[in-house]
Amino acid sequence: AGIGKRVALDLARRNARTILACRSRERGQAAVEEIRAATGNPAVLLRLLDTGSLASVRAFAQAVLREEKRLDVLVNNAGLTGLPFAITPEGLEQTFATNYLGPFLLTNLLLG
């Protein structure tokens with residue numbers, strides 16, 4: 001939803017192979033179908049990613065590096081605010097992990 005979906009829509013309109021990295025399979029698939037219908041671009045894909053989980057970030061990055069020939073643009077758009085204090089299973093504060101650590105790790109894993 002929001003800015004990320006608009007960016008994905010614009011990239012798909014430019015005929016780019018576009019990967020939506022979403023936490024929710026249901027919401028992500030709905031966005032993929034909407035973007036495909038609006039653009040006629042069948043190369044809009046869903047991959048699951050929770051930037052609040054470093055294990056999820058590592059798995060996502062490994063899959064992208066294995067499946068994709070190249071990556072031209074990375075848009076880090078995930079973010080949380082206003083949630084009660086919580087600790088991730090990895091022992092990190094949830095908002096900090098989701099908004100900063102996950103995107104930082106993802107970017108660094110995909111640079112190579």
Exercise. If you scan the range 84-99, which residues turn out to be surrounded by 15 or more Cβ atoms within 10 Å (Cβ to Cβ) and assigned to a helix (DSSP H, G or I)?
Worked result: GLN94, THR95, ALA97, THR98, ASN99
Exercise. Among the residues of the range 10-20, which ones are closer than 15 Å to ASN76 by Cα and touching a Ser or Thr at 6+ places or on another chain (Cβ under 8 Å)?
Worked result: LEU11
For this session: Kindly provide the set of residues from the range 34-59 that are closer than 19 Å to ASN15 by Cβ and in a loop (DSSP other than H, G, I, E, B), ordered by number.
Result: GLY40, ASN41, PRO42, ALA43
Problem set entry | the range 35-78 - residue that is outside the structural domain of ASN99 (by the TED database) and free of Cβ contacts under 8 Å to residues at least 12 places away in the same chain and, of those, least open to solvent (accessible area, probe 1.4 Å) | GLY40
Exercise. When you go through THR81, THR107 one by one, which is the residue that is within 23 Å of GLU26 (Cβ to Cβ) and loosely packed, with under 15 Cβ neighbours inside 10 Å?
Worked result: THR81
Seminar exercise, completed: Residue count, the range 1-24, condition charged (D, E, K, R) and either open to solvent by less than 100 Å² (accessible area, probe 1.4 Å) or closer than 16 Å to THR51 by Cβ (or both), comes to 3
Exercise. Got at least one residue in the range 21-34 being β-branched (Val, Ile, Thr) and out of contact with any strand residue (DSSP E or B) (no Cβ under 6 Å at 6 or more places or on another chain)?
Worked result: no
Exercise. Out of curiosity, is ALA78 under 16 Å from the mean Cα position of the chain (by Cα), closer than 11 Å to ALA21 by Cβ and assigned to a loop (DSSP other than H, G, I, E, B)?
Worked result: yes
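The values are calculated or read from the model by the stated rules, or taken from the named source; none is laboratory data. Because the structure is a prediction, the values reported are computed rather than measured. So basically every Cβ, Gly included, is an ideal-geometry build from the backbone, and we count neighbours across all protein chains shown. Heavy atoms of the whole protein, side chains included, go into the accessibility calculation; ligands, DNA and RNA do not. Shrake-Rupley method; radii C 1.70, N 1.55, O 1.52, S 1.80 Å.
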